[in-house]
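Peer 1: Here it is, the structure in full.
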Amino acid sequence: MSSELPEYYFRIRENGAAVFRIDTENRQRRIEMDQIAIANIRNGEIKTQGDRVLSDEDVAHIRAWMDERMAVLAKRDMDDIHRAIDYLNLTTQWVQSKATDDQLEQVTDALLLAMHDLRSTLVRKKADRMT
């Protein structure tokens, strides 16, 4: 473990993070985490905790974290979509080579509806892009 701790710690939440300032400059040399804000990546809002006033440096660090977090989540979204394509291909192979009639009976309607919904949405979005 590195002896240098970051100045800020971000506890991930569903739509952002609780932001803590890290302090080790106390008599006991204990790590103290002081919550200074809540960062919301959905609306870009930063709410201070209590009567705190954030410095320009605090806000800059939080904004940089928010930008980095949104980039990570966007990359994960695309990775999930590429995995979905792989799963569709694997599902097709399973249907063609391994699935029993009983297994197909259990999943066919749900798969057909999901694929119809996906296809309809993709076709509509592609038409929108072309116009």
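Peer 1: Across region 100-114, which residue is surrounded by the most Cβ atoms within 10 Å (Cβ to Cβ) among those that are free of Cβ contacts under 8 Å to residues at least 12 places away in the same chain and closer than 19 Å to residue 84 by Cα? Even if it seems obvious, please write down each step before you answer.
Peer 2: Within region 100-114, the subset free of Cβ contacts under 8 Å to residues at least 12 places away in the same chain is 100-110, 112-114.
From what's left, closer than 19 Å to residue 84 by Cα: 107-110, 112-114.
Details: 107: 14, 108: 12, 109: 9, 110: 9, 112: 10, 113: 10, 114: 12.
That would be 107.
Peer 1: On to the next question. If I ask for residues that are under 17 Å from residue 57 (Cα atoms) and modelled with pLDDT of 95 or more, which ones from region 1-17 would you list?
Peer 2: 8, 9, 10
Peer 1: Of everything in region 55-66, what is surrounded by 11 or more Cβ atoms within 10 Å (Cβ to Cβ) and either touching a residue at least 60 places away in the same chain (Cβ under 8 Å) or charged (D, E, K, R) (or both)? Give them in sequence order.
Peer 2: 58, 63
Peer 1: Now, a different point. Here are the criteria: (1) modelled with pLDDT under 95; (2) part of a helix (DSSP H, G or I). Tell me which single one residue 52 does not satisfy.
Peer 2: The single condition residue 52 does not satisfy is (2).
Peer 1: Next up: State which residue is farthest from residue 74 (Cα to Cα) when the search covers only region 36-49 and only residues that are of a type in the set (S, T, N, Q) and at pLDDT 95 or above.
Peer 2: Of region 36-49, the ones of a type in the set (S, T, N, Q) are 40, 43, 48-49.
From what's left, at pLDDT 95 or above: 40, 43, 48.
Details: 40: 16, 43: 16, 48: 26 Å.
Result: 48.
Peer 1: Go through 119, 83 for me and flag whichever is out of contact with any Gly (no Cβ under 7 Å at 6 or more places or on another chain), of a type outside the set (A, V, I, L, M, F, W, C) and within 30 Å of residue 44 (Cα to Cα).
Peer 2: Details: 119 fails: within 30 Å of residue 44 (Cα to Cα).
After applying the criteria, what remains is 83.
The values are calculated or read from the model by the stated rules, or taken from the named source; none is laboratory data. Since this is a predicted model, take the numbers as computed values, not measurements. Here the Cβ is made from the backbone with ideal geometry for all residues, glycine too, and neighbour counts use every protein chain on show.
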